[in-house]
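What follows is calculated from the coordinates using simple rules that are stated; it is not laboratory data. Quick caveat: nothing in here was measured; it's all calculated off a predicted structure. Please note: Cβ atoms are built from the backbone with ideal geometry, for glycine as well, and neighbour counts cover all protein chains shown.
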Amino acid sequence: MTCKIREWKLEDAEDLAAVISDKDVQDNLRDGIPYPYTREDAEEFISAMLSADRNKVFAFAITADEKVAGSIAVFRQENIHSRTGELGYYLAQDYWGKGLMPEAVKQICDYVFCNTDMIRIFAEPFAQNIRSCRVLEKAGFQYEGTLRCNAVKNGLVMDMKMYARLRDR
């Protein structure tokens, strides 16, 4: 199975809606994503990503053998952190454990480091999301610490882990 990241297309809306309508996927994401997630929600998201400032938002579809399997993005931070980006991603459950996500993370990091002045990309998965932590480790991120009681998700106070990858110097 070949994993590639590519720019979003409006035609991806139906596949995206199917991926993110999975409650197990949403349980590991930040709040604010509608459930169930409709085609219209997906079209709005894709339109927003396509019209976003290309120096601040680097958003791509993750494809597996040409089919949309998930989403990945790096968001440039502001002020003194303007050369740092936050990484976010999700993948359809059918593709979990197949090695796609570490590859997609490597691809977006290579893209951002080769095409921008960013020097650091970080991610903050929920501490109990062992799979996501492992993805980051496989993609060359280093664990920097635990952010205790850092979030409330589904009514539960949760720890998050901080991982980062630096531009090769």
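Quick notes on this structure:
- Hypothetical label at residue 156: residues of the stretch 15-48 whose amide nitrogen lies under 17 Å (7 Å Cα-Cβ projection): 23-31
- If you plug the beta carbon distance of residue 52 and residue 120 into 1/(1 + (r/R0)^6) with R0 = 25 Å, you get a FRET efficiency near 0.75.
- Value of [θ]222 nm, deg cm²/dmol, for the chain, DSSP H segments ≥ 4, -39500 (n - 2.57) each, nearest 500: -8500 deg cm²/dmol
- Sorted by Cβ neighbour density within 10 Å, fewest at the top, the residues 51, 21, 132: 51, 21, 132
- Radius 13 Å from Cβ of residue 84, net charge of other residues (Lys, Arg +1; Asp, Glu -1): +1
- With a Cα cut-off of under 23 Å and a minimum spacing of 8 residues unless on different chains, the lysine pairs in the chain number 22.
- Backbone N under 18 Å from the residue 66 label point (7 Å along Cα→Cβ), restricted to the stretch 1-23: 1-16
- Among 11, 137, the ranking by other beta carbons within 10 Å of each residue's beta carbon, starting with the fewest, stands as 11, 137.
- Extending 7 Å from Cα along the Cβ direction at residue 110 and again at residue 14 yields two label points whose distance is 3.2 nm.
- Sorted by Cβ density within 10 Å, fewest first, the residues 96, 8: 96, 8
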